[in-house]
Amino acid sequence: MGILNRLLYWRRQKADLTAISVGDIPERLPKRHGVITGTAEYPKWIVFDCPCERGHRVMLNLDPAHRPQWRIDQAYPLTLSPSVDERSLVGHCHYVVRKGRVTWIERTDNR
C-alpha cells in the first residue's frame, strides 16, 4: 500500500475495535473508529462517535432479531447499510457510510 493510500485509509471511518458488551466501550474513542460488540459470529451493536463532530455517540443495532437493524458490509474501511438517520440533542444527522467515506444526505423535510 502506497503512502497516499495509507493516509487516505486513516482518514476513513472503520470498525476495527471490539468489546464484549456496550458497557465495556471506553468513554473516548479514537477519531473515525467504531466498536463492534458481541462476538464475531453474533455481532450485536456498532458504536462510534458521530462524524459531525458535535460530540454525540451513535449506537446501531446489528442483531437481525431486532428492528431497526443495520448491516456491516465491510469493516475496514467501514460500509454500513442502510443510511444512518440520527436525531439527538445536538441536531439531526443523516448520512451514508461507504468504503469509510461519509456522504451527508440533505434534509428535505421539516423534522
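The values are calculated or read from the model by the stated rules, or taken from the named source; none is laboratory data. The structure displayed is predicted, hence computed values, not measured ones. For neighbour counting, all protein chains shown are included, and Cβ atoms are generated from backbone atoms with ideal geometry for every residue, glycine included. The accessibility values were calculated without ligands, DNA or RNA, using every heavy atom of the protein model including side chains. Shrake-Rupley method; radii C 1.70, N 1.55, O 1.52, S 1.80 Å.
Here are the numbers for this structure:
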item: Test: residue in the stretch 55-78 that is touching an Asp or Glu at 6+ places or on another chain (Cβ under 7 Å), modelled with pLDDT of 90 or more and polar (S, T, N, Q); result: yes
item: The lone exception for R28 - which of (1) at pLDDT below 90; (2) exposed (fewer than 12 other Cβ atoms within 10 Å of the Cβ) it fails; result: (1)
item: Residue count, the stretch 9-65 (criterion: of a type in the set (K, R) and on the phi > 0 side of the Ramachandran plot); result: 1
item: V84, sole failed condition from (1) closer than 21 Å to W104 by Cα; (2) open to solvent by 90 Å² or more (accessible area, probe 1.4 Å); result: (2)
item: Test: V35 is under 25 Å from R101 (Cβ atoms) and either touching a Phe, Trp or Tyr at 6+ places or on another chain (Cβ under 6 Å) or open to solvent by 70 Å² or more (accessible area, probe 1.4 Å) (or both); result: no
item: Residues located in the stretch 89-111, provided they are open to solvent by less than 40 Å² (accessible area, probe 1.4 Å) and in contact (Cβ under 8 Å) with a residue 24 or more places away in the chain; result: G91, C93, Y95, V97, G100
item: Unmet requirement for S88, which otherwise passes all of (1) touching a Cys at 6+ places or on another chain (Cβ under 9 Å); (2) at pLDDT 95 or above; (3) among the polar types (S, T, N, Q); result: (2)
